1. With runs of 4+ DSSP H residues as the only contributors, calculate the mean residue ellipticity of the chain at 222 nm using -39,500 (n - 2.57) per run, divided by the residue total and rounded to the nearest 500.
2. What is the angle, in °, between the Cα long axis of helix 32-48 and the longest principal axis of the Cα atoms in the chain? Nearest 10 is fine, range 0 to 90.
3. When only C-alpha pairs under 8 Å and at least 6 residues apart count, what is the relative contact order of the chain, in percent?
4. If R0 is 35 Å, what FRET efficiency do you get for residue 57 and residue 25 from their C-beta distance, rounded to 0.05?
5. In the set [x] 0.93; [y] 1.08; [z] 1.14, which value of Rg/Rh (Cα atoms, Kirkwood Rh) was calculated from the structure you see?
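Just so it is clear, none of the values below were taken in a lab; they were calculated from the coordinates. Note that this is a predicted model, so its numbers are computed, not measured. Cβ atoms come from the backbone with ideal geometry, glycine included; neighbour counts cover every protein chain shown.
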């Protein structure tokens, strides 16, 4: 396994901007496509910490 550092950001307008550096682990023989997929999944998981979506069904 090797570690890859990625930088993620989430922006919703100017008031709610978050940035952070993360580290992900990938297999030693991971392809660039696999690394990109892992980085994307890590970014989504990180962003979910800041997003609280809600909805209401109006009938």
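1. Dividing the helical sum by the residues of the chain leaves -9500 deg cm²/dmol.
2. Tilt relative to the chain: about 30 degrees.
3. Averaging sequence separation for qualifying contacts and normalising by length gives 30 percent for the chain.
4. So the FRET efficiency works out to roughly 0.30.
5. It is the value labelled [z].
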